[in-house]
Each structure stands twice: as structure tokens, then as C-alpha cells.
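Please read the structure below before turning to the comments.
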Amino acid sequence: MTSLPLGVIFLSLLLVFFVQRYILFPAFFSPLASIPKAHWSAPFYRLWILSVRWNRRENKTLLALHQRLGPVIRLGPNEVSINTIDGVRTVYQGGFEKPVWYSVFDNYGVPCMFSLRKSNPHSLRKRLISRIYSKTYIQSSLSAKSQAHSIIYNRLLPILEESISSTQLPHGIDVYSLLSATAMDFISAYTFGLDGGTNLLQDKPYRDHLLEVYRARAESGFYDQELPVLTRFCRRIGIPLCPGWVDAANRELEEWCLGLLDHVTARSQPFQDSEIMEASEPQHKAVVYNALVMGLDKEEGTSLPSPNSTKQQQQDPLRRLTLASELFDHVLAGHETAGIALSYTVWRLSQNPALQTQLRAELLALSPNNMLLLQEKEMLLLPDPKALDALPLLDAILTETLRLHAPLAGPQPRDTPPKSGGCSIEGFYIPGGVRISASAYALHRDERVYADPERWDYTRWLLLPHSSSTPTGLTTTTSTDKRRVGNGEEDESIKEKRRQFWAFGSGGRMCIGSHFAMHEMKLVISAIYSNYTTHIVDDEGMDEQSDGYTCRPGKERLFLRFEKV
């Protein structure tokens, strides 16, 4: 009997191993085998989901799959998507770690709080700045109030006032650019102080340049996030997968932020006279910078912050880059998300003049309010932040806009914990080391929670005593007295919607700037609609919000005409 050559035996064994490891096991024996497959190839390789992400249609694709296959679906050999609020609690309130996917948000080669993968380092960093981003602190901060007053009355409203003059025919102004600039000025002032932050509202040429540079690098993360090993290898051998202009844009933005940091470092004494500055020049206090530097000092064992901390920062390159990475993330993320949300809010309001009238009545009932008294400029005041925050119609309009047009609507991946043996969601066991994600886009379109989810309907967040249909298909009330109170059934309906509302995420990793964003947006909307009506001039692309992790208007522009009330 002739024996088989060793080479044939080896190849046969190799084939058996390959079939068992890459075909039979993932298809029939993997713990994920019982989960509905997004595509027939999902158990074997990631090519299908990678093509979906590359073509920027992940959000819509996953929503359709969840509607067809249920709340848990398998996207790849080791990846799962969920669309259930109970699953969200398990994953995002259960402290699941972030995957390497988030390393693309490192800046200067240094992680920021958002990109830190492990929960413990993230918690330590968050502790340094969580107080200054709390609703209580923001609403009582003299610095936040003074900065907002200057930005709204000295920058934003004069631009809107000029746009209605006869010299500005045909009275169309790109509010996407304008509101992105407003958001940047707000967050950079809170971060670096008013005199250390940006003034993009009044410096339109630089605004256009900066936003164009940001746009150039905004959608360049695919390779680093989805194929990190291949991407690093290609860089090492001199064949980068990302275009050179993306790296150039990143370098320019990083240098820009370092300039802001070095400026505030040179002129600040964040450890001396902080309370004096709060009282005498509150608009120039660098709230976030001060808190972060003082917190880092304490982390490093300094019992009391000292003036030497500024010199220490200059002499310690890693400390400087750690500060820069963190502040860079706050400024860029804070401007983009708020700019998108504000743009969609004014777009929706511009479609409904009657709703503008109702909102204005609610806003002007405040005392003080944002109504311009041009003959008494020194008397201009901002509304009380607590009273403004409590306005139900304003809150409902913003909440519904964030539901339907969430700026960060894409999946938020996590790794299931390997040490605890994974987790169970909707009856499916998911082992440790699996990439798992949910998205605001799909959660906000769950028909079991949000009736007719593709319709923008602010009334879903209100209890209305009396309603009537409008020509636009929305529902309005004949009374301006709207309250989120009422019978138990109605209360529970709104509570259920709020439980599934995920524009800012949830758990320990939810957006730390959510209160600042809502405060800023309510101030801006109040200032605009207390004084003007808005009318659409050109809204092409607004109903085609981009599909990705960040979801921008399709054409990244919106032209509106303003009329004085």
C-alpha cells in the first residue's frame, strides 16, 4: 500500500483546519451563529459591512436590517449591532470598553478623554472637568453668561441685523456657516476665554478657510478605524491609504489649536486670582483650560496649584500635548455638533411660520428676554438660564430636531468584556471580545416608541390640551401653555421617548458637553426668534443628511432670509 506524501497530508490537514476554523465554526458553532445575519457572508468575513461603511450608507442599511430582522443582528464574524434600549443599558451603562476604532480621535499622537479606551483612565480624566460641564455650574457661571452675552449681542445679532438692510439684497445668508461659527465661538470662549478663543463670526474669510480645512479631514477615518493594521503597515512602507491633503489638514488644525493653547498659557495665571478674574473680567476666564490644568496638577501630586504649573507645561512636551489633545477635541467636537443641530432647528422652524409665532410668544414671556432694544444697548440682558431651560416648547423643538437629525447618529462601538464572559441581549449570548454597537439613528426611528418616526413632530415631546392639524402636517396647539405634565399614561409615553433618546449617548461615556450644548443652543435660538422671522431661500441638501458617524447637511449650506419682528 502506497503512503501519501507528507506534503499532501500537510495540505489536507491545512484545508481541514481552514474549513473548520473559517467556515464551519463561524457558520454553525460560534456563539454568534444563532443571531440573524445581516448578509449571507457575515459569519465568514467583514467585506460586506466594510463596503457598506466605505459607501457611507451604514445608518440607513442597519435601520432597514433591524426593522426586518429584529433588535440584534450579526454584521461580521465578530461584530454585532443592537437596537434595543435594554441592550443599550447593558452595553453602555455596563462599562464596556472602547475598541481601537476610537484611536482615530487621538490628537498629536496622544489620547483625549473621548478616545481613551479603558474605563479607569477615562473616569480619572472626566473627574477633572465634569463639574464645569454640569448644568448647575453652567447656569450659574458668570463667565459662561458674560461670554454668551458678548457673542450674541456683539457678534451674532449685528450680523443678522445687517443681513436685513437694503444693501444686502437678496437677503440670503448661509446660516450653516454662521451657526457653525457661533458654536465655535461659544465653545472656544468657554475653553480658552473670550479673548483667547475664536472670533469666526466677525472674521468670515478665516471662518471659511477653517471650516474648509475641517471639512477636508472630516470623513477620512475609514482606514484607520476599520483597517488599522493594514493602514499602519502601508504608512511604514510609504504607501499611505489616506490622501496627503488629509494629513495636511490635520496638521494645520493641530497647529491652530496649539496656537490657542500657547496663547492662553502665556497670558493666564490659572492658579492665581481665578476668583478675582471671575468677578472682574469673567468673559476672559478660560474655564475648561483652568479646570484641566488644575486637575492635572492634582493628579501629579501637587496639593495646591501654583504659578509654576504654567512653566511646567512649557517645559514638559507630553503635558503640553495632553492638554492640547483634550482641548482640541472639545473645541472641534463642540462646534460641529452644535452647528449641525442649530442649522436643522432653524430649517425646521423656517418651514412653519405659525410655530415661529408660538415660540416667540413663549420666549418673550420671559423677563428679561432677548428682544433687542436698540435705543438702550447698555440695558440688553440674557434670559435667566433656568427659566430659559424650563420652556417646554423650545425644549420640544430642540429635542425633536436632535432626535430626527442627530449630529452624531452613527454606531458607537464597544468591546464585550472578555473576563466576565460576554453578555446576553434579547436572549442571544454574545461572548467576550465581540465588537458591539448601537446608533442614535436606529434608536430614534423605532416605530414602537416614536410614531411615524421620519416625521419631524415637536408635539411628541409635549402634552397638548387642544390641537389641530396644520397645512404642513405638523400638530400645533391653540394654547401657548404647554406642560410636560398630565395623566399617567401620557407621562409614561413621554418618559419612554426620553429613555430611548440617545443624541448624547448614555452611561459613563455619554457626551460630557451635553448640558453646555443645550444651554448654548437655547440661547442662540432664543436670540434669533425673539427678534426675527426666518424664511428659506435655498435649502437644497438639507433633507439629505449625510450617512456616517457624523451626519451633516447634504450640501453643508443653508440660505435663509431674516425679517425683523
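The values are calculated or read from the model by the stated rules, or taken from the named source; none is laboratory data. None of the values given here were measured: they were computed from a predicted structure. Methodologically, a virtual Cβ is constructed for each residue, glycine included, from the backbone with ideal geometry; neighbour enumeration extends over all protein chains shown. For the accessible areas, the whole protein counts, side chains as well, though only heavy atoms, and no ligand, DNA or RNA atoms are used. Shrake-Rupley method; radii C 1.70, N 1.55, O 1.52, S 1.80 Å.
Restricted to region 265-287, and to residues that are under 20 Å from Pro317 (Cα atoms) and part of a helix (DSSP H, G or I), which residue is modelled with the lowest pLDDT? Across region 265-287, the extreme among qualifying residues is Arg267.
Only a single criterion out of (1) modelled with pLDDT under 95; (2) outside any loop (DSSP other than H, G, I, E, B); (3) crowded, with 20+ Cβ neighbours inside 10 Å; (4) of a type outside the set (Phe, Trp, Tyr) is not satisfied by Asn370, namely (2). Report whether or not His171 is outside any helix (DSSP H, G or I) and over 30 Å from Asn250 (Cα atoms). So His171 fits the description; yes. The set of residues from region 88-145 being open to solvent by 60 Å² or more (accessible area, probe 1.4 Å), of a type outside the set (Ser, Thr, Tyr) and over 24 Å from Ser420 (Cβ atoms) comprises Gly109, Arg127, Arg131, Lys135, Leu142, Lys145. All conditions in (1) closer than 30 Å to Gly109 by Cβ; (2) in contact with a Ser or Thr (Cβ under 7 Å, 6 or more places away or on another chain); (3) outside any helix (DSSP H, G or I); (4) not hydroxyl-bearing (Ser, Thr, Tyr) hold for Gly339, with the sole exception of (3).
Residues in region 480-509 that are open to solvent by 40 Å² or more (accessible area, probe 1.4 Å) and at pLDDT below 85: Thr480, Asp481, Arg483, Arg484, Val485, Gly486, Asn487, Gly488, Glu489, Glu490, Asp491. Ala216 passes every criterion in (1) within 21 Å of the chain's Cα centre (by Cα); (2) more than 29 Å from Ile173 (Cα to Cα) apart from (2). If you check Gly301 against the conditions, is it modelled with pLDDT under 85, under 22 Å from the mean Cα position of the chain (by Cα) and not acidic (Asp, Glu)? No, not satisfied. Close contacts from region 234-249, counting a first residue that is under 15 Å from Val104 (Cα atoms) and a second that is in a loop (DSSP other than H, G, I, E, B), with Cβ to Cβ under 7 Å and a gap of 6+ residues or different chains, come to Cys242/Ser220; Val246/Ser220. Of all residues in region 333-361, those satisfying the criterion of being out of contact with any Leu (no Cβ under 7 Å at 6 or more places or on another chain) and not polar (S, T, N, Q) are Ala333, Gly334, His335, Glu336, Ala338, Ile340, Tyr344, Arg348, Pro353, Ala354, Arg360, Ala361. Restricting the first member to region 139-163 and to residues that are closer than 15 Å to His519 by Cβ, and the second to residues that are surrounded by 23 or more Cβ atoms within 10 Å (Cβ to Cβ) and of a type in the set (D, E, K, R), the beta-carbon pairs closer than 8 Å and six or more apart or on different chains are Ser143/Lys285; Ala148/Glu520; Ile151/Asp185. Quick check on my filter: what residues within region 389-420 are more than 24 Å from Tyr344 (Cβ to Cβ), open to solvent by less than 30 Å² (accessible area, probe 1.4 Å) and either free of Cβ contacts under 8 Å to residues at least 60 places away in the same chain or not in a strand (DSSP E or B) (or both)? Hit for region 389-420 is Thr416, nothing else.
When you check Tyr429 against the structure, is it part of a helix (DSSP H, G or I) and open to solvent by 20 Å² or more (accessible area, probe 1.4 Å), yes or no? When the stated conditions are applied, Tyr429 does not pass them.
I'd like to verify a number: residues in region 65-75 that are over 11 Å from Ile35 (Cα atoms) and in contact with a Ser or Thr (Cβ under 9 Å, 6 or more places away or on another chain), how many? The total comes to 2.
Scanning region 199-233 for residues being closer than 18 Å to Leu156 by Cα and open to solvent by 30 Å² or more (accessible area, probe 1.4 Å) gives a total of 7. Scanning region 234-244 for residues that are part of a loop (DSSP other than H, G, I, E, B) and surrounded by 10 or more Cβ atoms within 10 Å (Cβ to Cβ) turns up Pro240, Leu241, Cys242, Pro243. Of the helices (runs of 4 or more DSSP H) entirely within region 1-77, those holding at least 1 residues that are open to solvent by less than 30 Å² (accessible area, probe 1.4 Å), within 30 Å of Gln545 (Cβ to Cβ) and out of contact with any Pro (no Cβ under 7 Å at 6 or more places or on another chain) occupy 47-54, 58-69.
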